[in-house]
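Heads up, the thing below is written out as structure tokens.
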Amino acid sequence: MKTIAVVGVGTGGLLSLSHYLAWLPADWQVVSIHDPKIEILGIGESTTPKIPSNLYMGADFCLEKDAEELDATIKYYVKYTNWRKHDIYSLIDTGSHGIHFNNYKLKGFLYKRFAAKWGSKFKVIEAECTSIDTIKDSAVVTTTDKTYKFDYAVDCRGWPTDYSEYHISDCLPLNHCLVNVVNKPGDWYYTYHQATKNGWMFGVPTLHKQGWGYLYNDTITSKEDVIKDIADIFKQDKDSLTLKEYSFKPYRAKEIVTGRVLKNGNRFLFYEPLEALSTSYYDEANRLFFDYITGKFNQAQINYVMDQYAEQLELFVCYIYHGGSIYDTDFWRITKEKTRNRLAYSKMFAETVKQYREISSNPNLGELVKPFAAHSWFKLDKQFGYNYFCTS
């Protein structure tokens, strides 16, 4: 029997388990390794349509039947508020939908489904992982009490502790988040992207709670000013707020595949939660690693393709930011300058504009799909007032 280990049970790790259980043949075993003492960052998560599709294949997920177990709601679009004087709608294609869910509940739900659907093909090891390496024709996972050998491994242990093997973006503006959970149901069917004085705030509705995250740059804005802004937005006394916080860097791995090991989840990249696109890229990485395992691609090809995808995602974030918002503050002035410069000197962005302009004048040329199909780009471009892709 062949084996693949997935280390970590955050969203990236769980999506990886679902992917390989669904796609690898019956003579494979998929092993989940995690330290149960490590707490996940529970906020409320937004997805693209790729994720409910992944969960359907791996765990027979059906929103109508499983909404209560995942505290899940349907997602039809992203609503940008306060980026312009009018609201902007980033619509999901007709016939598709994303979901919002409580990520505290994802592991329990999927573990139960995996065991029922896949039996002995799915195995769990509870242990603290200290290293993951490639040795000859094996992936070696070392824990505090044992060393395991697998044919392949997927490293989903979360944010790296050493960034020497990562590209750090110097143009993306965010590095800190304060999370405010509101204990009442979210009664809307989209993800909020609300521009604020000092950044922007996502709003995720689930059946029983609302997850709000105020994203900002702590070298530009103080935590105290952000807390005051949150209190004003939610019309609460700031001392009554119960906030969680985390800090981060915007980065991507220089190499996603090394020998028998794939970096995925936050080990692969983390820019920010704009449009929930990162999880789709995690799914794409799993798809390419599957093709690598089955001999369709080599390591160099996958590293090149995923680096291109990650750069496209960074450029898309810059594209959204570079026109600013309704606020004229230090954060937005600095952000506009940095992101405008990034786009102005990017050959990849110039080529993207050229290709989409050609498609807009001749739809028979086909669709580009990273990070959006052409018609989605055109709708956003018009609403933001950029008009890059208008040929008239």
Practice prompt. Restricting attention to strands (runs of 3 or more DSSP E) lying wholly within region 132-193, give those where 1 or more residues are assigned by TED's automatic domain parsing to the domain that holds Asn264 and under 28 Å from His100 (Cα atoms).
Written response: 152-155
Discussion item. For region 21-87, give me every one of the strands (runs of 3 or more DSSP E) that falls completely inside it and has 1 or more residues that are under 21 Å from Cys156 (Cα atoms).
Written reply: 28-34
Worksheet, complete the sentence: Exception for Lys238 within (1) within 28 Å of Asp328 (Cβ to Cβ); (2) modelled with pLDDT of 95 or more falls at (2)
Discussion item. Of everything in region 328-355, what is in contact with a Phe, Trp or Tyr (Cβ under 8 Å, 6 or more places away or on another chain) and among the aromatic types (Phe, Trp, Tyr)? Give them in sequence order.
Written reply: Phe331, Phe349
Item to complete: Could you list, in sequence order, all residues of region 98-131 that are in a helix (DSSP H, G or I), among the small types (Gly, Ala, Ser) and over 21 Å from Ala26 (Cα atoms)?
Response: Gly108
Item to complete: Would you check if Val30 is in contact (Cβ under 8 Å) with a residue 24 or more places away in the chain, in the same structural domain as Ile293 (by TED's automatic domain parsing), among the β-branched types (Val, Ile, Thr) and within 21 Å of Ser278 (Cβ to Cβ)?
Response: no
Discussion item. Just the residues that are surrounded by 20 or more Cβ atoms within 10 Å (Cβ to Cβ), more than 22 Å from Tyr166 (Cβ to Cβ) and without any contact (Cβ under 8 Å) to a residue 60 or more places away in the chain, please, taken from region 204-228.
Written reply: Trp212, Tyr214, Val226
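Yes or no, residue by residue, for (1) under 23 Å from Lys123 (Cβ atoms); (2) hydrophobic (A, V, I, L, M, F, W, C); (3) modelled with pLDDT of 95 or more:
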| position | (1), (2), (3) |
| --- | --- |
| Thr3 | yes, no, yes |
| Val6 | yes, yes, yes |
| Leu17 | yes, yes, yes |
| Gln29 | yes, no, yes |
| Pro36 | yes, no, no |
| Asn54 | yes, no, yes |
| Phe61 | yes, yes, yes |
Fill in: Val124 vs. criteria under 19 Å from the mean Cα position of the chain (by Cα) and either loosely packed, with under 14 Cβ neighbours inside 10 Å or among the β-branched types (Val, Ile, Thr) (or both)
no
Discussion item. Given the criteria surrounded by fewer than 22 Cβ atoms within 10 Å (Cβ to Cβ), small (Gly, Ala, Ser), in contact (Cβ under 8 Å) with a residue 24 or more places away in the chain and more than 24 Å from Leu207 (Cβ to Cβ), does Ser138 qualify?
Written reply: yes
Item to complete: Select, from Ala300, Ala253, Ala285, the only residue that is more than 20 Å from Thr161 (Cα to Cα), touching a Phe, Trp or Tyr at 6+ places or on another chain (Cβ under 9 Å) and of a type in the set (Gly, Ala, Ser).
Response: Ala285
Worksheet entry | Qualifying positions in region 323-376 - under 16 Å from Phe389 (Cα atoms), part of a loop (DSSP other than H, G, I, E, B) and modelled with pLDDT of 80 or more | Gly323
Fill in: region 141-186, subset among the hydroxyl-bearing types (Ser, Thr, Tyr) and closer than 27 Å to Leu243 by Cβ, residue surrounded by the fewest Cβ atoms within 10 Å (Cβ to Cβ)
Thr161
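The values are calculated or read from the model by the stated rules, or taken from the named source; none is laboratory data. All figures in this text were calculated on a predicted structure; none of them were measured in a lab. Positions of Cβ are backbone-derived with ideal geometry, glycine not excepted, and every protein chain shown enters the neighbour counts.
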